[in-house]
1. To the nearest 10 square angstrom, what accessible area does Lys80 show with a 1.4 Å probe?
2. Name the residue farthest towards the positive end of the dipole of the chain from the options His260, Pro167, Gln110, assuming +1 on Cβ of Lys and Arg, -1 on Cβ of Asp and Glu, about the Cα centre.
3. Can you tell me the accessible area per residue over the chain, all protein chains present, probe 1.4 angstrom, in square angstrom?
4. GNM on the chain, C-alpha springs below 10 Å: top fluctuator among Ala174, Ala68, Ala149?
5. I'd like the distance separating the alpha-carbon centroids of segment 188-233 and segment 60-89, in whole Å.
6. What is the percent carbon and sulfur in the accessible area of the chain, measuring with a 1.4 Å probe over the protein chains and ignoring ligands?
7. With every protein chain in place, what's the accessible area of Asp340 (1.4 Å probe, Å², nearest 10)?
8. Report the gain in length on full extension from Gln69 to Asp269: 0.36 nm times residue separation, minus Cα-Cα distance, nm rounded to one decimal.
Amino acid sequence: MALLPVADALARLLDAAEPRGTETVGLAQASGRVLSAPLHALRTQPPFDASAMDGYAVQAADIASLPAQLKVIGQAPAGKQFTGTVGPGECVRIFTGAPVPQGTDTVVIQENVRDLGNGEIAVLEPTLAGRNIRARGLDFKQGDLILDAGRVLDPAGLSLIAAANHPSVEVLRAPLVAIIATGDELLPPGSNPGPDQIIASNAYGVAAIVQSVGARVLDLGIAADRTEAISALVAKALAADADVIVTLGGASVGDHDLVHRVLTDLGMDLNFWKIAMRPGKPLMFGRLGNSRCVGLPGNPVASLICSQIFLKPLLAKLGGRPYSPDMRNGILDTAMAANDLRQDFVRAIARETAEGLVVTPYLIQDSSMLRTLADANCAIVRVPFAPAVEAGSACQVMMLR
């Protein structure tokens, strides 16, 4: 099977990827979810003309000449309306958020008033008519469209929904991603590995990438290099109705790389296997029932880079979220050799300078080196058969953090 170009592989991965239904959740559970339909206000906000400050509700005509002496005939705290009518020469002590009493049209802030005792005040500073009052419906009116479908619900959006009197909201179903690590050599963190074993690390980084686009993680653990062990965990993923089944390792061509064989035997419709990319050549993609199967390489750097390039946009589309990688133009500060038939993603450090974004690639690009990836903040993207370039040449980078 020929190596598939990266762009073609991504297009196939995203083809026909759409959200699978909706659900209604309470506002406390809605943070980060995607609104599935336009949302309209169930009430008007503010529902009445409200004071924007602590002070005194007055008639503007009474304070046209200063100082003005007024009689305080009552109070209007927030949540308790003053029920009388304010006449000429009268005022009401009012607090922020309280309804403006009938007969008044202006609020004088308390700093501009002197208490004369005996229930009277003197207004000392001028206040324009209508000041310090929030008009009814200033924010929104009942029936107004307040949020469009597709909005990722952030703190401001959630507060707006609550203010509009919605206790719950309809959102797109968050994709479920089942993660299966494979390999006899793998043990979970905290174990005491033998001389021929290593600590499994890929699943934690992949899970973080999954969660960064609002998808859910079902970590099914580590499968031994036996067909029945891998089949059992795939069965659990299918039983959970996972939108995506991610396998880590075991998708290459060695005698112990069993994932491709197991998934094919279970009925997976293979779309592609092996792409023209470094790191990440043994990437696999297919469909198994309602699930998409993404076989990531076992080398940790390749696994995480592939997750950034392929898994992240797939899950964003399945979750109804906008997404595009953070691509920028940079300037190389070192020469780079010519590239071969694979598209390269070269781990590097980018720094802002007066001349622009200057990029330094790491000298060693081994796909097992997690520390290099953790230190890198970008990857230089080199197209297949790119010629050798000198220091100072332009380059394109994909920001990683």
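1. 140 Å²
2. Of the listed residues, the answer is Pro167.
3. Working: 19120 Å² over 401 residues.
Computed with neighbouring chains in place, this is 48 Å² per residue.
4. Checking each option, the largest mean-square fluctuation is seen for Ala68.
5. 69 Å
6. On the way: 9900 of 19120 Å².
Solvent-exposed carbon and sulfur of the chain make up 52 percent of the total.
7. Accessible surface of Asp340 is approximately 60 Å².
8. Details: separation 200, 0.36 × 200 = 72.00 nm, distance 8.54 nm.
This chain segment gains 63.5 nm when fully extended.
The values are calculated or read from the model by the stated rules, or taken from the named source; none is laboratory data. The structure displayed is predicted, hence computed values, not measured ones. A quick note on method: Cβ atoms are made from the backbone with ideal geometry, for glycine too, and the neighbour counts reach across all protein chains shown. Accessible surface is based on the protein model in full, side chains and every heavy atom, while ligands, DNA and RNA are left aside. Shrake-Rupley method; radii C 1.70, N 1.55, O 1.52, S 1.80 Å.
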